[in-house]
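A.B. asks: A single structure is presented below for examination.
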Amino acid sequence: MKTEKQSMSLQEGQELIKEAQRLLARQLESSSRRRFLRNGLTLGGIAMLTGCDLSDNTHVEQALSRISRFNDRVQGWLFNAEDLAPVYPESMITRPFPFNAFYAEDEAPEIDGEDYQLEVAGLVLHKQPWTLPQLHKMTQISQITRHICVEGWSAIGKWSGVPFAAFLQAIGADLQAKYVSFKCADDYYTSIDMATALHPQTIMALTYDGQILPRKYGYPMKLRMPTKLGYKNPKHIQVIEVTNRFPGGYWEDQGYNWFGGS
């Protein structure tokens with residue numbers, strides 16, 4: 001006998017299939033079958049023809065955007081908050097752990113921890129800012145997990161920090177809201193779905209490999225999510241907002257997949 005949750009999941013899956021059929025039908029109607037196959041728009045992903053300048057093709061851009069939004073919905077539907085990312089022994093930690101950002105390592109922001117205040121905004125009951133000592137006083141957990149970069153490399157690291165679900169509960173966040181967004185000191189910004197925000201392995205990392213989080217890894221605090229690709233893990237976080245308004249992100253607004261599951 002199907003549970004109510006299973007019935008809802010089945011219904012959602014059927015809706016996704018219907019949406020996929022509509023997307024494919026519209027694409028086939030608007031261009032020849034040969035052109036459709038050449039552009040490589042499939043349900044499994046988006047394969048772009050080498051040398052194709054998408055910036056000059058509004059039709060292709062719109063089609064890619066629709067497929068990307070559809071992929072976001074599929075990934076969100078498949079995401080299971082009870083599934084954990086693999087964890088590893090300390091012997092497998094990558095040393096040194098790679099620096100990764102859209103700027104050089106020596107350009108990472110310098111933040112005074114004594115003056116640092118984490119702002120919270122949006123659909124929360126308690127909007128007073130948090131200091132770094134307040135964050136360090138909260139119960140913390142550790143994880144040794146793999147960071148997976150969209151560029152094709154990965155590395156294993158050890159992060160410790162506050163379970164993000166506990167922080168959201170502490171600020172009285174609306175846990176039924178759709179999104180949580182982040183603004184950072186390095187002008188980076190991104191956002192995640194609430195299910196990922198509440199995942200037990202999503203943490204506000206305050207230390208790395210037993211030491212205060214280094215500047216190059218996101219001091220004074222970064223969000224660590226082993227269920228997401230690297231670009232979804234913001235560093236040097238200054239503002240956290242809970243919202244139902246779609247916030248986008250630095251890379252996502254340039255065409256990267258928004259859900260960004262690993």
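A.B. asks: Can you say whether Gly230 is modelled with pLDDT of 95 or more and more than 21 Å from Leu84 (Cα to Cα), as far as the supplied structure shows? Lay out the reasoning, then the answer.
C.D. replies: Numbers: modelled with pLDDT of 95 or more: yes; more than 21 Å from Leu84 (Cα to Cα): no.
For Gly230, the condition - modelled with pLDDT of 95 or more and more than 21 Å from Leu84 (Cα to Cα) - is not met.
A.B. asks: Report yes if some residue within segment 145-165 is in contact with a helix residue (DSSP H, G or I) (Cβ under 8 Å, 6 or more places away or on another chain), in contact (Cβ under 8 Å) with a residue 12 or more places away in the chain and of a type in the set (Lys, Arg); otherwise report no.
C.D. replies: Checked against the condition, which is being in contact with a helix residue (DSSP H, G or I) (Cβ under 8 Å, 6 or more places away or on another chain), in contact (Cβ under 8 Å) with a residue 12 or more places away in the chain and of a type in the set (Lys, Arg), segment 145-165 yields at least one hit.
A.B. asks: Within the set of pairs 6 or more residues apart or between chains, which connect a residue that is surrounded by fewer than 18 Cβ atoms within 10 Å (Cβ to Cβ) inside segment 188-215 to a residue that is charged (D, E, K, R) and not in a strand (DSSP E or B) with Cβ atoms less than 7 Å apart?
C.D. replies: These pairs meet every condition: Arg215/Glu110.
A.B. asks: Criterion first (modelled with pLDDT under 95, more than 22 Å from the chain's Cα centre (by Cα) and of a type in the set (A, V, I, L, M)) does Ala81 satisfy it? Working first, answer last.
C.D. replies: Numbers: modelled with pLDDT under 95: yes; more than 22 Å from the chain's Cα centre (by Cα): no; of a type in the set (A, V, I, L, M): yes.
So Ala81 does not fit the description; no.
A.B. asks: Determine, yes or no, whether Asp187 is of a type in the set (D, E, K, R), outside any strand (DSSP E or B) and more than 23 Å from Gly210 (Cα to Cα). Before you say what the answer is, go through the steps one by one.
C.D. replies: Working: of a type in the set (D, E, K, R): yes; outside any strand (DSSP E or B): yes; more than 23 Å from Gly210 (Cα to Cα): yes.
In short, yes.
A.B. asks: Continuing with the same structure: Please tell me if Gly172 is touching a residue at least 12 places away in the same chain (Cβ under 8 Å), surrounded by fewer than 19 Cβ atoms within 10 Å (Cβ to Cβ), in contact with a helix residue (DSSP H, G or I) (Cβ under 6 Å, 6 or more places away or on another chain) and farther than 27 Å from Tyr88 by Cα. Show your work before the answer.
C.D. replies: Values: touching a residue at least 12 places away in the same chain (Cβ under 8 Å): yes; surrounded by fewer than 19 Cβ atoms within 10 Å (Cβ to Cβ): yes; in contact with a helix residue (DSSP H, G or I) (Cβ under 6 Å, 6 or more places away or on another chain): no; farther than 27 Å from Tyr88 by Cα: yes.
Considered against the rule, which asks whether it is touching a residue at least 12 places away in the same chain (Cβ under 8 Å), surrounded by fewer than 19 Cβ atoms within 10 Å (Cβ to Cβ), in contact with a helix residue (DSSP H, G or I) (Cβ under 6 Å, 6 or more places away or on another chain) and farther than 27 Å from Tyr88 by Cα, Gly172 comes out as no.
A.B. asks: Here are the criteria: (1) surrounded by 15 or more Cβ atoms within 10 Å (Cβ to Cβ); (2) not acidic (Asp, Glu); (3) not in a loop (DSSP other than H, G, I, E, B). Tell me which single one Pro109 does not satisfy.
C.D. replies: Of the numbered conditions (1) surrounded by 15 or more Cβ atoms within 10 Å (Cβ to Cβ); (2) not acidic (Asp, Glu); (3) not in a loop (DSSP other than H, G, I, E, B), the odd one out for Pro109 is (3).
A.B. asks: For segment 199-247, give me every one of the strands (runs of 3 or more DSSP E) that falls completely inside it and has 1 or more residues that are of a type in the set (Phe, Trp, Tyr), at negative phi and in the same structural domain as Thr94 (by TED's automatic domain parsing). Before you say what the answer is, go through the steps one by one.
C.D. replies: Details: elements: 203-208, 222-224, 237-243.
Qualifying strands (runs of 3 or more DSSP E): 203-208.
The values are calculated or read from the model by the stated rules, or taken from the named source; none is laboratory data. A quick note: this is a predicted structure, and the numbers were derived from the prediction, not measured. All Cβ positions, even for glycine, are placed from backbone atoms using ideal geometry, and neighbour counts span all protein chains on display.
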